[in-house]
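The numbers here are math on the coordinates, done by the rules we state, and not lab data. Source: prediction; values computed, not measured. Every residue, glycine as well, gets a Cβ built from its backbone with ideal geometry; the counts of neighbours run over all protein chains shown.
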Amino acid sequence: MDEHRSVRVLIIDDSVVIRQLLKDIFARDGEIEVVGTASNPIEGYDKIVQLKPDVLTLDVEMPRMDGITFLQKLMRSHPMPVVMISTLTREGSEVTLKALELGAVDFIAKPTQSVFTGMAALSHEITSKVKAAARARVRPPAAHVTPIPLAMTPVARRTAASRLIAIGASTGGPEAIRQVLQGLPAEVPPIVIVQHMPPVFTRSFAERLDKLCTVRVKEAEDGDTLQPGHAYVAPGDYHLQVTTNGSQFRAKVVQTEPVNRHRPSVDALFDSVLQASGAATVAVLLTGMGADGARGLKKLRDVGAHTIAQDEETCVVFGMPREAIHLGGAEFVLPLPQIAHKVVELLTA
C-alpha cells in the first residue's frame, strides 16, 4: 500500500451506533477514509468487490452470517487485512481468538457499557490498529501441524529451574506465540509472556494455549511460583514482572502506570527479568506494532542474555522486532518456524 494515501476502510457491523461511532473516529483521524458501510456480511461482500478497501472492520456477531463464517469464506476467496470488532466478554474473546487463527490481523474489544465514552477512549487504539492492518502481511491460516517438541540435554533439564524464557508480542502475536510454544518440550525453564490484550482475552488465550501445547499455560497470578514446563501469560490491564525469592522465581502482577502506552508492557516484563535472571535468560520479541520490548531486549543482550527477534518476512507487523534490531538488541533474527528450535539449542548449548 502507498504510504502517502489514506487508508480506505469498509465497516461491516449490524449496529447503526457502532457504524456511526467508527465513522466519526476515522473521520477525525485524517489518514483514514471510510469508503462504505454494510449492516451484514452478504451486503459487505458485494461492497468489498466493488469498493476494494484496504482494510475491513468486521463485527463478530451479526445476523444472516456470523463474522467467523464470513471471515473463513473471505480468507479463501479474497484475503485482505481484517480487524475484528469484538465484545469484552468470555464468548467474545473465544470467538476473536478463532478469528485471529483464521487470518484476521487484529481486534478491538468494544466496551460492554457506556459505548459512546468507551469507544471515544479507544479512538487512538482503533485508528492505530487499522493503519497497522493496512501495512500488515495477510496470510492464509496456518495448517495445524502437530509439532514434535524438541528434546533437551540432561544438563539443560537440571538447570531449567534457574533460567527463564521471556516472550513479548503484539499484533499477530497470538498465533506466533502458539507456534513457538508448540515447539518447546515439557522440561523447558519457566516461560513468562506479554501479549498486548485486554482483560478476559488473556485468560481465554492462556486456556487455549494450554490445550494446544505440551508446556502447561496459565494466566499469571500475583505470587505464582514460576515452574519449569509452565508458561505464564500477563493478565490484561496488569503488568507482569518477575521477582526472586531465594532460588525461586515468582510472578508479580501489578497495575502501575502503562509503559509505552501499554499495560501489560513487554519492556516492564523484560526490565524485571533483567534483574531476576539476567544473563540466564532467553528473550524473544515477536511480531507487533510500535516499539514495546525493543529497549528491554537491548538491555538483556547487553548483560549477556540470549536474544531473538522475529524476522520481517514472517511478522504480521514488523514494528517491535524492527526497533529491537535497529537498537542492536537482537543476537539472532529468525523466521518464526525456527525460533522454538533456536530457544532449545541455546538452553542446551
With N set to the residue count of the stretch 145-239, report its C-alpha Rg divided by 2.2 N^0.38 Å to two decimal places.
1.04
Return the loop-located GluC sites (Glu not before Pro) in the stretch 156-243 (DSSP other than H, G, I, E, B) with at most 12 other Cβ atoms within 10 Å of their own Cβ; answer none if there are none.
Glu221
Check cross-link reach from Lys47 to the lysines: straight Cα distance under 22 Å, and skip same-chain residues fewer than eight apart.
Lys23, Lys73, Lys129, Lys131
Quick one: grab the alpha carbon gyration tensor of the stretch 232-349, order the square roots of its eigenvalues as a ≥ b ≥ c, and give me rounded if a/c is under 1.5, else prolate or oblate depending on whether a/b is larger than b/c.
oblate
Interchain or long-range residues, amide H under 5 Å from Ala109's placed H
Ser86
Determine ³J(HN,Hα), in whole Hz, for all residues of the stretch 274-286 in sequence, where each value follows from phi through the Karplus function 6.51 cos²θ - 1.76 cosθ + 1.60 and θ = phi - 60°; x replaces Gly and Pro.
3, 6, 7, 10, x, 5, 7, 9, 10, 10, 10, 10, 9
Helix-derived [θ] at 222 nm for the chain: sum -39500 (n - 2.57) over DSSP H runs of at least 4, divide by residue count, nearest 500?
-11500 deg cm²/dmol
Based on the Kirkwood radius over alpha-carbon pairs, what is the Stokes-Einstein translational diffusion coefficient of the stretch 59-98 at 25 °C with 0.890 mPa s viscosity, in µm²/s?
232
Evaluated at 25 °C and 0.890 mPa s, the Stokes-Einstein D of the stretch 7-135 based on the Kirkwood radius over Cα pairs, in µm²/s, stands at 172
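Treating only the Cβ atoms of Lys and Arg (+1) and Asp and Glu (-1) as charged, compute the dipole magnitude of the chain about its Cα centre; round to the nearest 20 debye.
480
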Rg over Rh of the stretch 154-348, using C-alpha atoms and the Kirkwood radius, what does it come to?
0.92
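In the stretch 154-348, what % of DSSP beta bridges are antiparallel (nearest 5)? Working shown, then result.
Numbers: 9 of 34 bridges.
The antiparallel fraction comes to roughly 25 percent.
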Given a cut-off of 39 Å, what percent of all Cα-Cα pairs of the chain lie beyond it?
14
Any residue on another chain or 5+ positions along whose placed amide H is under 5 Å from the amide H of Ala38 is listed here as Ile11, Ile12, Asp13
If you plug each phi of the stretch 236-251 into the Karplus form 6.51 cos²θ - 1.76 cosθ + 1.60 with θ = phi - 60°, what whole-Hz ³J(HN,Hα) values come out, in order, with x for Gly and Pro?
x, 6, 10, 7, 9, 10, 10, 10, 10, 10, x, 9, 9, 8, 10, 8
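Could you order peptides 313-324, 21-32, 91-102 by the average number of other Cβ atoms within 10 Å of their residues, highest first?
Working: 313-324: 23.7, 21-32: 16.8, 91-102: 20.6.
Descending packing order for the listed peptides: 313-324, 91-102, 21-32.
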Calculated FRET value between Ala151 and Met65, using beta carbons and R₀ = 35 Å, to 0.05:
0.15
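List nothing, just return the count: lysine pairs in the stretch 212-349, 8 or more apart or interchain, with Cα separation under 21 Å. Walk me through the numbers on the way to the answer.
Numbers: Lys218/Lys252; Lys252/Lys299; Lys298/Lys342; Lys299/Lys342.
Number of lysine pairs found: 4.
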Cα-based convex hull, the stretch 9-65, per residue volume (Å³, whole number):
65
Pairwise centroid distance, computed over Cα atoms, of the stretch 186-229 with the stretch 292-348, Å
20
Residue by residue through the stretch 21-31, the couplings from Karplus 6.51 cos²θ - 1.76 cosθ + 1.60 with θ = phi - 60°, in Hz, x for Gly and Pro, are 4, 5, 4, 5, 4, 5, 5, 6, 5, x, 10
If amide hydrogens are placed 1.01 Å from N in the peptide plane, which non-local residues have theirs closer than 5 Å to the one on Glu33?
Val7, Arg8, Val9
